[in-house]
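Chemist: Could you have a look at this structure, given as structure tokens, before my questions?
The values are calculated or read from the model by the stated rules, or taken from the named source; none is laboratory data. Please read all numbers here as calculations on a predicted model, not as lab measurements. Cβ sites come from the backbone with ideal geometry, for glycine too, and all protein chains shown count toward neighbours. Heads up: the accessible areas ignore ligands, DNA and RNA and are worked out on the full protein's heavy atoms, side chains in. Shrake-Rupley method; radii C 1.70, N 1.55, O 1.52, S 1.80 Å.
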Amino acid sequence: MTQTPSAEPSPARALHAQGVTKRFGAITALSSGRISVGKGEIHALLGANGCGKSTLCKIIAGTVSRDGGTLEIDGRPADLKSPREAEALGVALFYQELSLVPQLSVADNIFLGHEPRNAAGFVDRRRLIADTEVLIARFSAVAGSGFAAGTNVSRLSPDQRQIVEILKVLARNPSIIIFDEATAALDKRQVDLFFSILRTLKAEGVAIIFISHRMDEVFEIADRITVMRNGETVAEYGAGEVDRDTVVHDMVGKLADHQREARPPRPAGETPRLVVSSVSGGRLRDVSFSVAPGEILGLGGLQGQGQSAILQGLFGAEPFARGEVSVDGRPVRLRRPADAIRAGLAYVSGDRGRDAALHGRSIFENIAAATLVSERRRFVWPSALKPRFEKAAAGLNTKYAGMEAPIGSLSGGNQQKIFIARWLATDASILLLDDPTKGIDLGAKGDFFELARDLAAKGTSIVFYASEDAELLGLCDRILVFNSGAVTAELSGDTRDAFHLTRAAYGETA
Amino acid sequence: MHRARTILTDPLVLAALSILVLLGLGEAVSPGFARGDQIVRLLTVSAILGIVAAGQSLVVIGGREGIDLSVGALISLGALLAGNVMSGQDGNILPAILVAGGVTFAIGIVSGLGVTVLRIPPLVMTLGMAGVVQGALIAMSRGTPSGNAAPTLMAFVNRPLVFGLPGILFVWALIALAMWFLLRRTTLGYAIYAMGSNERAAEFTGLPTRRLRTLLYGLSGMFAGIAGVCVIGYTGNSFISVGDQYVLPSIIAVVIGGISLAGGTGNYFGVVLGAIALTILQSVLTTLQLEFWGRQLIFGAVLLALMLLYGRTRQLRV
């Protein structure tokens, strides 16, 4: 492997982490994390989903404590026990989620929790405003802010809010800033603006760690690149001395081209079960695809690129703003889940507790809800329905004490099986799976994959989003790769491998 | 040990035990308290509370902080409407029930729309509605009682019909059966529990939660209106604040019955026992010649004590 030794002159190093490890229960999130960032350097951190890059960043920012390894900030060993301690050493983490309070002014937001105090201990309004104006002025050259310290955040445009978010980070005068997917919500113009801010910071000597889901951006702005895979730092390069495919190969590794089972090709001229044409809205931009009967279509890419939005849109939970959907050749309007259910769609969420579980109710009731709706039943005769539900649950190898046991008496994996059985009992023809194996044990995962293959063999169409690439590659006939709400690649046959998946996930087309 | 504890904190057992204890207490204070005809009398009064509490149960089970504070005003409205439609004529009993039930149903639907469409918290919405209805009542009646119950209705509520029991008790039994059927044998009932347990998950199984929740407030209003008809049948005529005394007890009866105020659990049989227990408590307190404020104080304390008790056991049960 290209294990480039760190050749940076050490006095200029703002941050140096070596051999960092972290375990969460039985899962090793980080086995050997390493990153070294110089002052005035923009350092891109790359890796596929679950490679440990977010964990490494959280350790540097003090929100997660490390199990082993060394961390040096400004050449001194740092043992961070809280985000406050990291902040005191000049580390700032920029979150993707908007964290502003709309009812407060720009100044109040920027100094929220760090308000300057006067001698009596009250907030020093005059200094608060003055400090904010200095900050705004510092960036007005590049950003042309168009707002004042006293402006209410609720009156700002989305990109102005983004600037306030950045100013909020800068107000602490950090020497190391971690931008985790800071550009995810921005359009091209805003990204340019963001990059000019980054260059200003770089000129001031700030060390920057930059996580992005777009390879273009990485090669445009980064000075150096660190690549992680499976909890380990596997390579480090200067941005000028490496090409994109090499970086993707590093992210994927050699083992990734594992054995795939051959799947019979779909018969030609088959009528598609589900056709999605040019749907948009929310995060989605003009997405089109079709799924054949018995096909398993995978949705891949880095997390949060629109995969869940597509599934929730198809289920009518977050309806599309534009575009058309048809099932078995008939156009359908999907304004609420009931519409989707009656069109034969079913949705299994990875967030069971929020989206699926009827807490405190029996297993019978948890399964029954969907059947009652899809069959438009008015009355419930448990003795007539129970055998059907028991059959649906048995097909999944579900372990449970009986239909009357409360849903909470089951393990996470068995609960998820019940929520799948809920839809099997309705004979849904299209299963929408939204990261369904999140947080379930390996045994249950195995049962789940077996079931998906069986259902597909019987003609059920499956649209499957998984945050783990291995699950997609192992199960799917075809994979659509999402980036920023659009499909960047469709992988099938020879291109259905980890290399192409990762490359497309970073926005590289074909 | 664990078993004993579960039985003792089972709401049904607790309610049944308190009924026996209260009857014993009443008998000790005033011999004859637990005589047969007295018990029938107590059950008759319980029936009115029980009918109001049926609607309250549905709203509470439906979740999202569901509560109906407008039942008092709607009972008064139902009684006033029924009294004026009947004007003492037997032939007008059915129209009186339809008018009282229909108008209160419609008003309940308006509260429901406020809760579901305008997203006004149920507590505020139904309290506001209570104020509006109460004001309208004063305007309509100019503050003086009006309307008379038909003789047959009064006999139905007060006189023995079969087996020495008045007709209203059979109506109450029918309502209890209907509530069981609604909650355990219809999709609507399953939907009410699902919605109260996890509204988002209920929506994700395709249930029309907004429409359902609106309907629950309508049903609660209708039950209050029917209770109003019973009230005028019981007393013969009505005054404009006759329903006020039922608001707090209807909520306590629901809680005694084992329905969690968080929604999604419980059934109506517990509420039936709760309504009986509460009515006997009220009667014991009256027998002790406690003033109104004293009864009110004890009712409030009972509600808070129950919340403490069940709040704790719910955590134990998960």
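Chemist: Could you tell me whether any residue of the stretch A:138-153 is outside any loop (DSSP other than H, G, I, E, B), among the aliphatic types (A, V, I, L, M) and within 27 Å of A:ARG229 (Cβ to Cβ)?
Modeler: Among the residues of the stretch A:138-153, not one is outside any loop (DSSP other than H, G, I, E, B), among the aliphatic types (A, V, I, L, M) and within 27 Å of A:ARG229 (Cβ to Cβ), which makes the answer no.
Chemist: Could you please find all residues in the stretch A:192-205 being open to solvent by 10 Å² or more (accessible area, probe 1.4 Å) and either closer than 20 Å to A:THR55 by Cα or of a type in the set (A, V, I, L, M) (or both)?
Modeler: A:LEU193, A:ALA203
Chemist: If you scan the stretch A:392-437, which residues turn out to be over 25 Å from A:ALA457 (Cβ atoms) and either outside the structural domain of A:GLY301 (by the TED database) or free of Cβ contacts under 8 Å to residues at least 40 places away in the same chain (or both)?
Modeler: A:TYR400, A:ALA401, A:GLY402, A:SER409, A:SER411
Chemist: Filter the helices (runs of 4 or more DSSP H) completely within the stretch B:184-272 down to those with at least 2 residues that are hydroxyl-bearing (Ser, Thr, Tyr), on the phi > 0 side of the Ramachandran plot and away from chain A (no Cβ under 12 Å).
Modeler: Those helices (runs of 4 or more DSSP H) do not exist here; none qualify.
Chemist: Sticking with this structure for a sec: I'm trying to understand the selection: among the residues of the stretch B:194-209, which are in contact with a Ser or Thr (Cβ under 6 Å, 6 or more places away or on another chain) and touching a residue at least 40 places away in the same chain (Cβ under 8 Å)? Please lay out each step first, then the result.
Modeler: Filtering the stretch B:194-209 for residues in contact with a Ser or Thr (Cβ under 6 Å, 6 or more places away or on another chain) gives B:195, B:199, B:202-203.
Once the filter is applied, which keeps residues that are in contact with a Ser or Thr (Cβ under 6 Å, 6 or more places away or on another chain) and touching a residue at least 40 places away in the same chain (Cβ under 8 Å), the stretch B:194-209 yields B:MET195, B:GLU199.
Chemist: Could you give me the residue pairs with C-beta distances under 8 Å whose first residue belongs to the stretch B:210-232 and is within 12 Å of B:ALA79 (Cα to Cα), whose second residue is of a type in the set (D, E, K, R) and crowded, with 24+ Cβ neighbours inside 10 Å wherever it lies, and which are 6+ apart or on separate chains?
Modeler: That search, which allows pairs on different chains as well, returns B:ALA224/B:ASP68.
Chemist: Suppose we keep only residues that are at the interface with chain B (Cβ under 8 Å from one of its Cβ atoms) and free of Cβ contacts under 8 Å to residues at least 24 places away in the same chain within the stretch A:312-340. Which one would you say is least open to solvent (accessible area, probe 1.4 Å)?
Modeler: A:PRO337
Chemist: What number goes with the only condition from (1) within 21 Å of B:LEU49 (Cβ to Cβ); (2) crowded, with 18+ Cβ neighbours inside 10 Å; (3) more than 14 Å from every other protein chain (Cβ to nearest Cβ) that B:ARG159 does not pass?
Modeler: All conditions pass for B:ARG159, except number (2).
Chemist: What about B:ILE168, is it within 27 Å of B:LEU127 (Cβ to Cβ), part of a helix (DSSP H, G or I) and away from chain A (no Cβ under 14 Å)?
Modeler: Criteria not met by B:ILE168.
Chemist: For the stretch A:56-83, give me the residue count where each residue is crowded, with 22+ Cβ neighbours inside 10 Å and in contact with a Gly (Cβ under 8 Å, 6 or more places away or on another chain).
Modeler: Number satisfying all stated conditions: 3.
Chemist: Could I ask something else about it? Do we find a residue being hydroxyl-bearing (Ser, Thr, Tyr), closer than 27 Å to B:VAL271 by Cβ and more than 14 Å from chain A (Cβ to nearest Cβ) anywhere in the stretch B:126-139?
Modeler: Yes, because at least one residue in the stretch B:126-139 is hydroxyl-bearing (Ser, Thr, Tyr), closer than 27 Å to B:VAL271 by Cβ and more than 14 Å from chain A (Cβ to nearest Cβ).
Chemist: Looking only at helices (runs of 4 or more DSSP H) that lie completely in the stretch A:341-415, which have at least 1 residues being open to solvent by 50 Å² or more (accessible area, probe 1.4 Å) and within 13 Å of chain B (Cβ to nearest Cβ)?
Modeler: Of the helices (runs of 4 or more DSSP H) lying wholly inside the stretch A:341-415, those with at least 1 residues that are open to solvent by 50 Å² or more (accessible area, probe 1.4 Å) and within 13 Å of chain B (Cβ to nearest Cβ) span A:352-355, A:382-394.
Chemist: If I ask for residues that are open to solvent by 10 Å² or more (accessible area, probe 1.4 Å) and within 24 Å of A:SER411 (Cα to Cα), which ones from the stretch A:449-464 would you list?
Modeler: Listed by number, the residues that qualify are A:PHE449, A:GLU450, A:LEU451, A:ARG453, A:ASP454, A:LEU455.
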